[in-house]
1. For the stretch 69-79, state whether one or more residues are farther than 22 Å from Leu24 by Cα, modelled with pLDDT of 85 or more and acidic (Asp, Glu).
2. What is the residue count in the stretch 57-80 for residues that are of a type in the set (Val, Ile, Thr) and more than 14 Å from the chain's Cα centre (by Cα)?
3. If I filter the stretch 22-49 down to residues being out of contact with any strand residue (DSSP E or B) (no Cβ under 8 Å at 6 or more places or on another chain) and assigned to a loop (DSSP other than H, G, I, E, B), which single residue comes out as farthest from Val80 (Cα to Cα)?
4. Does the stretch 50-60 hold any residues that are closer than 15 Å to Ala32 by Cα and part of a helix (DSSP H, G or I), and which are they?
5. List every residue pair whose Cβ atoms lie under 8 Å apart, where the two residues are 6 or more positions apart in sequence or sit on different chains, the first residue falls within the stretch 73-84 and is in contact (Cβ under 8 Å) with a residue 40 or more places away in the chain and surrounded by 14 or more Cβ atoms within 10 Å (Cβ to Cβ), and the second residue, located anywhere, is of a type in the set (Val, Ile, Thr) and not in a helix (DSSP H, G or I).
6. Given the conditions (1) in contact with a strand residue (DSSP E or B) (Cβ under 8 Å, 6 or more places away or on another chain); (2) within 14 Å of Pro28 (Cβ to Cβ), which single one is not true for Pro52?
7. Considering the stretch 12-51 alone, what residues qualify as being free of Cβ contacts under 8 Å to residues at least 60 places away in the same chain, crowded, with 16+ Cβ neighbours inside 10 Å and either acidic (Asp, Glu) or under 17 Å from Tyr88 (Cβ atoms) (or both)?
Amino acid sequence: MSENQKDTPLAFKKAVALKYEPSLHEAPVVTAKGSGLLAERILEKAKESGVPVQEDAALVEVLSKLDLDTQIPSELYTLVAEILSFIYRSDKLMESGKRNEYE
């Protein structure tokens, strides 16, 4: 998740990376966070790895206050679940679109 990257000066950019492994954790875990150049690097790494990025400045602000390797608090479950659901649906649409290209 990141703030709007096009309109935000580098010094004010923030990014937070979440990872969700239901077999290990009850909720997504903060795996990376940073601002400025570190935020840029987090976003570059996500893009290189094919990880979807969702922009939500308010959520990034809240998540950036959490420690690394910390599960998100239950108060954020609904919001993060909506974002993850959107990402999973987008992935499925892209996968089916790619399959259709080869058929």
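1. So far as the stretch 69-79 goes, no, none of its residues is farther than 22 Å from Leu24 by Cα, modelled with pLDDT of 85 or more and acidic (Asp, Glu).
2. We begin by selecting, within the stretch 57-80, every residue of a type in the set (Val, Ile, Thr); these are 60, 62, 70, 72, 78, 80.
Filter once more, keeping what is more than 14 Å from the chain's Cα centre (by Cα): 70, 78.
Going through the stretch 57-80 one residue at a time, the tally reaches 2.
3. Here the residue is Gly36.
4. Leu59, Val60
5. What qualifies is Val80/Ile72.
6. Tallying (1) in contact with a strand residue (DSSP E or B) (Cβ under 8 Å, 6 or more places away or on another chain); (2) within 14 Å of Pro28 (Cβ to Cβ), Pro52 fails exactly one: (1).
7. Ala17, Ala27, Pro28, Glu40, Ala46 - these are the residues of the stretch 12-51 that are free of Cβ contacts under 8 Å to residues at least 60 places away in the same chain, crowded, with 16+ Cβ neighbours inside 10 Å and either acidic (Asp, Glu) or under 17 Å from Tyr88 (Cβ atoms) (or both).
The values are calculated or read from the model by the stated rules, or taken from the named source; none is laboratory data. Since the structure is predicted, the reported quantities are computational estimates derived from the model, not experimental observations. Every residue, glycine among them, receives a Cβ derived from its backbone with ideal geometry; neighbour counts consider all protein chains shown.
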